[in-house]
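The values are calculated or read from the model by the stated rules, or taken from the named source; none is laboratory data. Keep in mind the model is a prediction, meaning the values are calculated, not measured. Glycine also receives a Cβ, built like all others from the backbone with ideal geometry; neighbour counts cover every protein chain displayed. The protein model used for the area step is the full one, side chains on, heavy atoms only, and it has no ligands, DNA or RNA in it. Shrake-Rupley method; radii C 1.70, N 1.55, O 1.52, S 1.80 Å.
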Amino acid sequence: SSPNPQSSSLGSGQNVLPSKAPGARMNATFVTLARNSDVWEISRSIRQVEDRFNHAYNYDWVFLNDAEFDDTFKKVTTSLTSGRARYGKIASEHWGFPDFIDQEKAKKVREDMHERKIIYGDSVSYRHMCRYESGFFFRHELMQEYEWYWRVEPSIELFCDIAYDPFVFMADKKKKYSFVLSLYEYVETIPTLWDSVKGFMAKHPEHIVSDNSMGFLSDDGGISYNHCHFWSNFEIGNLNWLRSQAYIDYFDHLDRDGGFFYERWGDAPVHSIAAGLMLKKEEIHFFNDIAYYHVPFTHCPTGEQTRLDLKCHCNPKDNFDWNGYSCTKRYFEVNKMSLPEGYEKEQ
Ligand code: GDP
Ligand code: MN
């Protein structure tokens, strides 16, 4: 029989992913925090994650909620996931005001932020969500058995096939945290976050690693925060790191300072600063080849061949990475990495 001339080239209609990927699986899970009302939006996300990756890997999916999941949520998401779908209710100690928070003061802050039209500034539940993602999701009993997590939010999109197992990649390359989009945080939501971080650094110098990413977080050697952070609605990371004494001491210190309620600290800057100071810089990975959208930003891989090989359907013009509001270039500089081929065409 004559050889098929296209058989060795991708981008010719062949699938990058086999129906079942060979090899071992990592001790890993997807994790989603959601309300029952998020069912249809999380369904869109699950469908894309399954189509672009997980149908060949069948990793578990843990769903967490501060309320009980209803039957519709469970039925629909179970039908869409190829691995085990598991549902957990969040303990009330992990979702609510800690006793050291002054409720009156917190309420005044919300009213003030409402006046100033700060996004989610008047919301109590958003604050509980940010605090939960910052300090508790990795301690949920369903999460205890896993070493790796991949966070998925409602309404995201994946634009390219994922042609290898990112969990295996993370483990093999000794990565602990990863991102696809980075940007500057709204300063109004975190005015004293860096003061709290400095307090932590002074109290626990043993947790700060020498070969860290301070240059990503600060332009003046740590005196002030430049507001750069990795966008945490996408994360692939190591749960043992989050469960480490270093991270727990960090979270407890920030929590005590009260900014989850007296300001509106987001889990993105909280995770990012932790990764930036307590991980070696080479332990943080940028996944150029995972194409992603969460309103309003897109990460579309730089490099045309990558996009063709992975059957991407994003418009490279929408890629946020080389835009002035992205911090990704700074990440490349801090890590002395050369920018991916073709980046200048996307500026
Ligand atoms: P945004 O991306 O910052 O605009 O915030 P989202 O509305 O996407 O919320 C972030 C994540 O937390 C999503 O996975 C939501 O489904 C989830 N979430 C937000 N608020 C709540 C809540 O009150 N309860 C629960 N169970 N999940 C929530
Ligand atoms: Mn979201």
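Contact map, the stretch 285-298: first residue on the phi < 0 side of the Ramachandran plot, second residue of a type in the set (Gly, Ala, Ser) and not in a loop (DSSP other than H, G, I, E, B), Cβ cut-off under 6 Å, separation 6 or more or different chains; pairs are His285/Ser178; Phe287/Ser178. All of (1) more than 16 Å from ligand 2 (Cβ to nearest atom); (2) over 12 Å from Phe261 (Cβ atoms); (3) open to solvent by 20 Å² or more (accessible area, probe 1.4 Å) hold for Tyr120 with one exception: (1). Within the stretch 287-302, the set of residues being open to solvent by less than 10 Å² (accessible area, probe 1.4 Å) and either more than 16 Å from ligand 2 (Cβ to nearest atom) or among the acidic types (Asp, Glu) (or both) comprises Phe287, Ile290, Ala291, Cys300, Pro301, Thr302.
For the stretch 234-256, indicate whether the set of residues that are away from ligand 1 (no atom under 16 Å from the Cβ), assigned to a loop (DSSP other than H, G, I, E, B) and crowded, with 19+ Cβ neighbours inside 10 Å is non-empty. Checked against the condition, which is being away from ligand 1 (no atom under 16 Å from the Cβ), assigned to a loop (DSSP other than H, G, I, E, B) and crowded, with 19+ Cβ neighbours inside 10 Å, the stretch 234-256 yields no hits at all.
Do the conditions hold for Asp309, that is, is it among the acidic types (Asp, Glu), over 23 Å from Met337 (Cβ atoms) and open to solvent by 10 Å² or more (accessible area, probe 1.4 Å)? If you could, list the steps in order and put the result at the bottom.
Details: among the acidic types (Asp, Glu): yes; over 23 Å from Met337 (Cβ atoms): no; open to solvent by 10 Å² or more (accessible area, probe 1.4 Å): yes.
When the stated conditions are applied, Asp309 does not pass them.
Just one of the listed residues (Asn65, Asn58) is touching a residue at least 24 places away in the same chain (Cβ under 8 Å) and crowded, with 17+ Cβ neighbours inside 10 Å, namely Asn65.
If only one of Tyr186, Tyr177 is surrounded by fewer than 18 Cβ atoms within 10 Å (Cβ to Cβ), within 19 Å of the chain's Cα centre (by Cα) and among the hydroxyl-bearing types (Ser, Thr, Tyr), which one is it? Being surrounded by fewer than 18 Cβ atoms within 10 Å (Cβ to Cβ), within 19 Å of the chain's Cα centre (by Cα) and among the hydroxyl-bearing types (Ser, Thr, Tyr) holds for just one of Tyr186, Tyr177, which is Tyr186. Among the helices (runs of 4 or more DSSP H) confined to the stretch 48-154, the ones with at least 1 residues that are touching a His at 6+ places or on another chain (Cβ under 7 Å) are located at 124-135.
Looking at this structure, is Ile119 within 15 Å of Trp265 (Cα to Cα) and more than 16 Å from ligand 1 (Cβ to nearest atom)?
Answer is no for this residue.
Being open to solvent by less than 70 Å² (accessible area, probe 1.4 Å), away from ligand 1 (no atom under 15 Å from the Cβ) and within 24 Å of Phe230 (Cβ to Cβ) is a description that does not apply to Tyr132.
Output the residue which, of all residues in the stretch 291-317 that are assigned to a loop (DSSP other than H, G, I, E, B) and polar (S, T, N, Q), is modelled with the lowest pLDDT. Walk me through how you get there before you give the answer.
Step one: list which residues in the stretch 291-317 are assigned to a loop (DSSP other than H, G, I, E, B), which gives 291, 295-296, 300-303, 310-315.
Among the residues that remain, those that are also polar (S, T, N, Q) are: 302, 315.
Numbers: Thr302: 93, Asn315: 97.
Among those that are assigned to a loop (DSSP other than H, G, I, E, B) and polar (S, T, N, Q), it is Thr302.
Among the residues of the stretch 297-324, those identified as over 23 Å from Glu282 (Cα atoms) and in contact with a Leu (Cβ under 6 Å, 6 or more places away or on another chain) are Phe297, Asp309.
When the criteria are applied in full, Ser155 fails the requirement of being under 24 Å from Glu283 (Cα atoms), touching a helix residue (DSSP H, G or I) at 6+ places or on another chain (Cβ under 6 Å) and among the polar types (S, T, N, Q). Being within 16 Å of ligand 1 (Cβ to nearest atom), open to solvent by 10 Å² or more (accessible area, probe 1.4 Å) and of a type outside the set (S, T, N, Q) is the requirement here; does Tyr149 meet it? For Tyr149, the condition - within 16 Å of ligand 1 (Cβ to nearest atom), open to solvent by 10 Å² or more (accessible area, probe 1.4 Å) and of a type outside the set (S, T, N, Q) - is not met.
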